[in-house]
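Everything below concerns the one structure shown next.
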Amino acid sequence: MKLHPLTSLAIAGSAAVVTTAAASVPLSLAVMATAAALSFMSGRGAQVLAASAMILVPLCLALFMVHGLFFPEGTTVIAQWGPARVTIEGLTFAAERASRIGAAVVPLLVFSCTVSVPDLVAALSARGVSGRVAFVLAATLALVPAIGQQQLRIRQAQEARGLVIRRHLPSRIAAFRLQALPLVLSLVEEASGRAQALEARGFVSAARPTSYRQVQDPLPQRILRWLVLLCAAVVVGLRLSSSLPGGNW
Amino acid sequence: MTEESSVLRACVEHFTFHDEAGPVLTGLELALRRGTITALLGASGSGKTTLGRLLGGWSRPGNSGLLSGVLEVAGQILHFEGTDDDPAINAAEWARHVGYVPQDSTTVLSMVRATVGEELAFGLENRGVSPAAMRESVQHVAGRLGLTHLLEHSPTTLSGGELRKLAIGCVVIMNPEVLILDEPAASLDAEAAAGLVTLMRDLAGRGTAVLVLSQCVDALVRAAGHWFLLQEGSLSAGGIMAELPDFTALAAAGLVVSAGCGGVGSTPATDLPVDAQLMPDGSAHRALPPDLGGSKFPAAQLTDVQFAFGPVARQRRPLRRRNAQRAVPPNTVLRGVNLSLQAGEVIAITGPNGAGKSTLLRHFNGLLQPDSGSVLIEGKDIAGQATGTVAAAVGLLFQQPRDQLFERTAQREVAFGLSGSAGTIAAAATHALDVVGLSGASSRHPAELPASQQRLLALATVLARRPAILLLDEPTVALDGHGRRFLVRAIHVAAAAGAAVVLVTHDVDFAAEAAHKTLVLSDGILVPAEP
């Protein structure tokens, strides 16, 4: 079954909200595992994995550095170097936070890597979302591929003039250094020209935009969307009520 | 032409870009009437594109530069004095009346639409046109431009000529009262160019004022009722088409008259080199010189090269699979290309838009590797070799100069990748710029150069490497008469020095002028061109 882009967005967003509110490590791990499995089933597993690593690895390292070494409430000390103490409580706290962030990030990355951007833009336009907002969203999601294509063009031009790029990392880094400045300059120049074209094609028109692309939105999916959003709202409500005096969550 | 009957009128006392000292346009007046086709002729750097962008609302007074003069569109008159109090042009409102297709056709495209059909509909979407009406318009315009079979394709997969047709379609579909086409025939094959002439006539018949900006006197220009000649920012001559000056006067103005400029129209060649001869069969092709290299290997040899875009194709294939037996996959572009290219030989390859000519050229230097078959350069199979290594023997002029130019100055651009001492590199770069007539532009940013000079600069980057094999993808596009002479001379000098040259072009007259033989890429294989 092909999911409507707003259904995918609702599921991914609700998963992020529910896992954040529930603050349960098993639930967070289960959500991450499910999202990862879905990404591999869709053929985008490697892309999601790479993007997740880029975001989560630095974040998790920071969490474990801060809470793993400097957790004031920690009592069970595993190791100690001067003022830095590695405690079980600190590591547990860092692991909980990391799993919660992971459970929010991975589903949203699965969504952004698997969603059909044109379908999403068409779905938003059909719901009266401003053409500018829809375009900015589309351009943002299409930015990475566009930059990749531009970088490929520059790399090919340089290779055609003798730049030899080996497979090993230092060679690739050296090549990228040569491509970085031309890449930025060309993107700026292209953006300037594109802005003129967009204006000329009525992009800033006051008229409510229509959509050439039609996206099917079956009734069961509309119901599903409301259900997952309702579920997320209920979980957040429960969490808030439990936080009040007398709550026990 | 009277003011009353014109839908667009420009009276330019002077127009100066913010970052330039002197005016680009001075003392010109132009009025476009409904239902007419007008040709604005001018060599590279004459101000043609600047005027086109000004009339098309892409260069707005105040934003891009200072205008002193009057612009009038659809009865609304705007006076400019080059001050902060000048009226501001609303680009969207201007575009309701005037449609402009720039020389770089990809600029028009939003590039966030997934298919050609959606890209065509982008402007209509912004106007709130109903889906049913949009589909009808898209089908109609796609049919007129020969894009129907590409409606579900991604714009990023189109060839240069197909992209130009798409850009024209994106503007025509908005049904402007004035249509301005900047070098519209560039990269178009003969059929597409002829179709564009018919479209222009039909639009004019329905009341549209069509303005063609061109540095080539071709069939599109000859379809116009009136012509003007722009030189150094001013209109120096004009009249009805029957009064178009003779070849000598046009060539002296830097215009191209001798070749197709996109496969349409033709008058006899101009600058045939001294070694050019007619073939025994009477064709205009040059005679093949005696063996220059004395090598036992051809300069390049392609054997049964097959290639398909899509899942089966990759940018690089480290291992060659010779003569692999399998079913022909979809999106196959090359179905078994065989070609043997000798040192000193110049071969032209033509074919319809989207035939795979640029794809074929990229196989010579390893930017693309065949799914099956082999590519031998100077007797060595380049399968698995880095393109940068192959580039020592093979130089490629890309179809779009912007794909080739990435440095901050013309001098740095040409010097990139050259080996030797700093002095040697600088001397080689300076010489290459001189060969293409750009010695005065060495410190300019490549993006600031007119399109013709960008093409020549890209050519200089290739020539500076003195490759044994010279690959030129649509080298005449955007070149005016002066630039074309530099190009032809460079090809003949390179061939005389022993370089093998492959030209991909839609310009059949240029092919005949510059090459020893012409081949046609048709249905994925190379066949000899019909005499």
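The values are calculated or read from the model by the stated rules, or taken from the named source; none is laboratory data. Everything numeric in this text was worked out from a predicted model, so none of it was measured. Counting neighbours? That spans all protein chains shown, and the Cβs are built from the backbone with ideal geometry, glycine included.
Data table
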read-out: Of the criteria (1) assigned to a helix (DSSP H, G or I); (2) closer than 30 Å to A:Gly45 by Cβ, which one A:Pro182 fails; value: (2)
read-out: B:Thr148, sole failed condition from (1) crowded, with 22+ Cβ neighbours inside 10 Å; (2) of a type in the set (Ser, Thr, Tyr); (3) more than 10 Å from chain A (Cβ to nearest Cβ); value: (1)
read-out: Selected residue [of a type in the set (Ser, Thr, Tyr), more than 24 Å from the chain's Cα centre (by Cα), within 21 Å of A:Thr19 (Cβ to Cβ) and surrounded by 12 or more Cβ atoms within 10 Å (Cβ to Cβ)] from A:Thr34, A:Thr92; value: A:Thr92
read-out: Long-range neighbours under 8 Å by Cβ, at least six apart or interchain, first residue within 8 Å of chain A (Cβ to nearest Cβ) within segment B:400-412, second of a type in the set (D, E, K, R) and part of a helix (DSSP H, G or I); value: B:Asp403/A:Arg153; B:Leu405/B:Glu413; B:Phe406/B:Glu413; B:Glu407/B:Glu413
read-out: Members of segment A:159-179 that are assigned to a helix (DSSP H, G or I) and at the interface with another protein chain (Cβ under 7 Å from one of its Cβ atoms); value: A:Glu159
read-out: Long-range neighbours under 8 Å by Cβ, at least six apart or interchain, first residue facing another protein chain (nearest Cβ under 7 Å) and free of Cβ contacts under 8 Å to residues at least 40 places away in the same chain within segment B:109-133, second buried (at least 22 other Cβ atoms within 10 Å of the Cβ) and basic (Lys, Arg); value: B:Ser110/A:Arg201; B:Asn126/A:Arg201
read-out: Matching residues, segment B:391-421, being over 25 Å from B:His445 (Cβ atoms) and touching a Leu at 6+ places or on another chain (Cβ under 9 Å); value: B:Val394
read-out: Selection count where residues are modelled with pLDDT of 90 or more, aliphatic (A, V, I, L, M) and either in contact with a strand residue (DSSP E or B) (Cβ under 6 Å, 6 or more places away or on another chain) or under 17 Å from A:Leu9 (Cα atoms) (or both), scope segment A:85-117; value: 7
read-out: Some residue of segment A:55-62 being more than 30 Å from A:Ser242 (Cα to Cα), modelled with pLDDT of 90 or more, over 16 Å from the mean Cα position of the chain (by Cα) and surrounded by fewer than 19 Cβ atoms within 10 Å (Cβ to Cβ); value: yes
read-out: Among the candidates B:Arg201, B:Arg164, residue that is touching a helix residue (DSSP H, G or I) at 6+ places or on another chain (Cβ under 9 Å), part of a helix (DSSP H, G or I), in the same structural domain as B:Gly57 (by TED's automatic domain parsing) and not hydrophobic (A, V, I, L, M, F, W, C); value: B:Arg164
read-out: Candidates B:Thr106, B:Thr36 - the one that is in contact (Cβ under 8 Å) with a residue 40 or more places away in the chain, of a type in the set (S, T, N, Q) and touching a strand residue (DSSP E or B) at 6+ places or on another chain (Cβ under 8 Å); value: B:Thr36
read-out: B:Thr389 being in a helix (DSSP H, G or I), within 10 Å of chain A (Cβ to nearest Cβ) and over 30 Å from B:Gly161 (Cα atoms); value: yes
read-out: Any hit, segment A:140-148, residues being closer than 30 Å to A:Leu198 by Cα, within 14 Å of chain B (Cβ to nearest Cβ), surrounded by fewer than 12 Cβ atoms within 10 Å (Cβ to Cβ) and at pLDDT 80 or above; value: yes
read-out: Looking only at segment B:405-446, and only at residues there that are assigned to a helix (DSSP H, G or I) and of a type in the set (S, T, N, Q), the one that is surrounded by the fewest Cβ atoms within 10 Å (Cβ to Cβ); value: B:Thr424
read-out: Residue in segment B:447-458 that is without any contact (Cβ under 8 Å) to a residue 40 or more places away in the chain, more than 22 Å from the chain's Cα centre (by Cα), over 17 Å from B:Val493 (Cα atoms) and assigned to a helix (DSSP H, G or I) present; value: no
read-out: Qualifying positions in segment A:165-187 - farther than 20 Å from B:Leu367 by Cα and either touching a residue at least 60 places away in the same chain (Cβ under 8 Å) or surrounded by 13 or more Cβ atoms within 10 Å (Cβ to Cβ) (or both); value: A:Leu181, A:Leu185, A:Ser186, A:Leu187
read-out: Enumeration of residues in segment B:137-161 that are under 22 Å from B:Arg201 (Cβ atoms) and either part of a loop (DSSP other than H, G, I, E, B) or not β-branched (Val, Ile, Thr) (or both); value: B:Ser137, B:Gln139, B:His140, B:Ala142, B:Gly143, B:Arg144, B:Leu145, B:Gly146, B:Leu147, B:Gly161
read-out: Residue match in segment A:195-210 (condition: facing another protein chain (nearest Cβ under 7 Å), buried (at least 18 other Cβ atoms within 10 Å of the Cβ), within 20 Å of B:Val116 (Cα to Cα) and of a type in the set (Ser, Thr, Tyr)); value: yes
read-out: Residue within segment B:39-49 that is at pLDDT 90 or above, touching a Pro at 6+ places or on another chain (Cβ under 8 Å) and aliphatic (A, V, I, L, M) present; value: no
read-out: Elements of type strands (runs of 3 or more DSSP E) in segment B:16-131, at least 2 residues being charged (D, E, K, R); value: B:25-33
read-out: Restricting segment A:149-164 to residues that are in contact (Cβ under 8 Å) with a residue 12 or more places away in the chain and either surrounded by fewer than 18 Cβ atoms within 10 Å (Cβ to Cβ) or not charged (D, E, K, R) (or both), the residue that is farthest from A:Val204 (Cα to Cα); value: A:Leu163
read-out: Of the criteria (1) closer than 17 Å to B:Leu396 by Cβ; (2) of a type outside the set (A, V, I, L, M, F, W, C); (3) in contact with a Lys or Arg (Cβ under 8 Å, 6 or more places away or on another chain), which one B:Pro528 fails; value: (1)
read-out: Unique residue being among the basic types (Lys, Arg), under 21 Å from B:Gly384 (Cα atoms) and at pLDDT 80 or above when the list is A:Arg161, A:Arg172; value: A:Arg161
read-out: Segment B:81-96 - residue that is closer than 16 Å to B:Leu54 by Cβ and aliphatic (A, V, I, L, M) and, of those, modelled with the lowest pLDDT; value: B:Ala91
read-out: Of all residues in segment B:360-386 being within 13 Å of chain A (Cβ to nearest Cβ) and surrounded by fewer than 20 Cβ atoms within 10 Å (Cβ to Cβ), the one that is farthest from B:Arg465 (Cα to Cα); value: B:Gly384
